[in-house]
Amino acid sequence: MMIGVMALQGGFAKHCETLSKLGTNWCEVRAKEDLKKIDGLIIPGGESTTMLKLLKDEGMFEPLKEFTSSHPTFGTCAGLILMAKRVENPSQDSLGLLDITAGRNAYGRQVDSFNQLVNIPIFNTEPFELIFIRAPQILETGSNVTVLARCQDKPVLIQQGFWLGATFHPELTNDTRIHQLFLSIVNQRRSVAA
Amino acid sequence: MAESLLKLKTGLAEMLKGGVIMDVTDATQAKIAEDAGAAAVMALERVPADIRREGGVARMASPKKIREIMDAVSIPVMAKARIGHFVEAQILEEMGVDFVDESEVLTPADEEHHINKHAFKAPFVCGARNLGEALRRIAEGAAMIRTKGEAGTGNIVEAVRHLRTIRRDIRQLTVLDQEELMAESKRLQSPYELILMVARDGKLPVPNFAAGGVATPADAALCMYLGAESVFVGSGIFKSEDPAVRARAIVKAVTHYKDPKALLEASYELGEPMRGIEIEKIAQEDMLQTRGW
């Protein structure tokens, strides 16, 4: 199994560290050729406008759209914004995967960034430290979207088929449970495909 | 609590990795920078090249100007405070600026002390020329380090020197005996705990970016090769002939710094770069990098 981490811009390094900790093979994805060798993709946080610009300028947007439509993909923060079908504040283009409306910078600026311990029912043991940095909010979810965790009453971790999205940054903690969840989705998908 | 606050601060720095942070002096420039793919903008009154030319005391930009820039873009906005001027920093934090640069480009307000950055919720970036300086700033609470280079010159030589120095200092720590680390802490004039951390991890405990003298896509890529995780571009963009094209090219160069083909493409038809100054032609008292201690 090979996991790609989109490394055009943003918090890709910490995702790579987390995957190394789990003993998973990973590679950086900077060009469309890189998509050929991976089974699943992580789109990190960072600036969604910057990533979008780079994807489009280099003809990578359409290949990425095609890849992600049929492969497990996990987006954190800006990654989730890129995966959302609808984006607000301001509205912008996206890969159109997750049936949600994402509001950018919905909690405010950096001084409003925060962290909070939250119980995630599917893990049901230790609470998870959620780190929100200039985070987006999930404003609406379609009926095919499963909300895995809420914080302050808002959905913050969601799954739709083999797509996973978080408005916070699990890669900035030492807690690997959400990455493990994604790896299990990739494994499942591979066994279905095989 | 302090530890979780630091996580939020360095977390934003993590999100800026692999990106370009561009100096802008008004909303129009900010928009050009954002459209070109800047990961953040630095709001200031004058770019370093103009500060250098015009002289006088360089201070924090006017809040009105910063506000105008914050309203124009959705990416993070940074602003500079003078070294040691914690009140300027308080004002910037109150405004909701996303990152404060305690910068040698502005005229220092305190010739002995830097700001106690732990006291702020806003993250800080500080300049450094070597590992000792970087670790002193981190001990004071900086969430990001950038090399100082020599701002406003369009000359990359000082940034290269500082990147190489920091990288060499770090490598050296990783091969020393445990007994030697205290002496190294004394030599570098930085806290023993941080020295131990760097010796163990082989890197700074916070992200390390480059700044000072970046004028071309190749300059930016060179910084990335030398261990920078992102690049600040000051005068290099808006003092060039075609800022929008150059800004986009530098963004591309940072992402694809290991790909000479992409770098060649990024370096094509850029128009004239900023003029640039040789470091030997600058009087010692006009050097910006020697500010800060």
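The values are calculated or read from the model by the stated rules, or taken from the named source; none is laboratory data. As the structure is a prediction and not an experimental result, all values here were calculated from the model. In this analysis, Cβ positions are derived from the backbone assuming ideal geometry, glycine residues included, and neighbour counts consider all displayed protein chains. Ligands, DNA and RNA are excluded from the accessible area calculation, which covers all protein heavy atoms including side chains. Shrake-Rupley method; radii C 1.70, N 1.55, O 1.52, S 1.80 Å.
Just a yes or no: is a residue in the stretch A:49-57 within 9 Å of another protein chain (Cβ to nearest Cβ) and either assigned to a strand (DSSP E or B) or hydroxyl-bearing (Ser, Thr, Tyr) (or both)? Reasoning before the result, please.
First, the residues of the stretch A:49-57 that are within 9 Å of another protein chain (Cβ to nearest Cβ): A:49-54, A:57.
If we keep only those that are either assigned to a strand (DSSP E or B) or hydroxyl-bearing (Ser, Thr, Tyr) (or both) too, we end up with A:49-50.
Yes: one or more hits.
Residue selection: A:Asn124 fails the criterion of being among the polar types (S, T, N, Q), within 14 Å of another protein chain (Cβ to nearest Cβ), open to solvent by 10 Å² or more (accessible area, probe 1.4 Å) and more than 30 Å from A:Ala194 (Cβ to Cβ). The requirement of being more than 14 Å from chain A (Cβ to nearest Cβ) and touching a Lys or Arg at 6+ places or on another chain (Cβ under 8 Å) is fulfilled nowhere in the stretch B:258-266; no residue meets it.
Pick from the stretch A:13-48 the residues that are within 13 Å of chain B (Cβ to nearest Cβ) and farther than 21 Å from A:Ser69 by Cα: which of them is surrounded by the fewest Cβ atoms within 10 Å (Cβ to Cβ)? Looking at residues that are within 13 Å of chain B (Cβ to nearest Cβ) and farther than 21 Å from A:Ser69 by Cα, I get A:Glu17.
Conditions tested, residue by residue: (1) touching a strand residue (DSSP E or B) at 6+ places or on another chain (Cβ under 6 Å); (2) on the phi > 0 side of the Ramachandran plot; (3) open to solvent by less than 30 Å² (accessible area, probe 1.4 Å).
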{"site": "B:Leu6", "(1), (2), (3)": "no, no, no"}
{"site": "B:Glu34", "(1), (2), (3)": "no, no, yes"}
{"site": "B:Gly37", "(1), (2), (3)": "no, yes, yes"}
{"site": "B:Ile69", "(1), (2), (3)": "yes, no, yes"}
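Open to solvent by 50 Å² or more (accessible area, probe 1.4 Å), away from chain A (no Cβ under 14 Å) and touching a helix residue (DSSP H, G or I) at 6+ places or on another chain (Cβ under 7 Å): which single residue out of B:Arg53, B:Arg129, B:Arg82 fits that description? After applying the criteria, what remains is B:Arg129.
Filtering B:Gly11, B:Gly19 for residues that are over 22 Å from B:Glu93 (Cβ atoms) and not polar (S, T, N, Q) leaves a single hit, B:Gly19. You will find that of B:Asp169, B:Asp177, the residue that is free of Cβ contacts under 8 Å to residues at least 60 places away in the same chain and not in a helix (DSSP H, G or I) is B:Asp177 and no other. Applying a threshold of 6 Å to beta carbon distances and a minimum spacing of six or more residues, or different chains, the list of pairs starting in the stretch A:174-192 at a residue that is more than 14 Å from A:Met1 (Cα to Cα) and ending at one that is modelled with pLDDT under 95 reads A:Arg177/A:Phe123. The number of residues in the stretch B:7-47 being more than 19 Å from B:Phe209 (Cβ to Cβ) and part of a loop (DSSP other than H, G, I, E, B) comes to 4. Touching a Cys at 6+ places or on another chain (Cβ under 8 Å), open to solvent by less than 20 Å² (accessible area, probe 1.4 Å), under 20 Å from B:Arg146 (Cβ atoms) and more than 14 Å from chain A (Cβ to nearest Cβ), is that true of B:Gly292? Answer is yes for this residue. Per the conditions (1) within 14 Å of another protein chain (Cβ to nearest Cβ); (2) open to solvent by 10 Å² or more (accessible area, probe 1.4 Å); (3) among the hydrophobic types (A, V, I, L, M, F, W, C); (4) farther than 22 Å from A:Leu157 by Cβ, the sole criterion not satisfied by A:Met60 is (2). Residues that are within 10 Å of chain B (Cβ to nearest Cβ) and surrounded by 21 or more Cβ atoms within 10 Å (Cβ to Cβ) do not occur anywhere in the stretch A:83-100.
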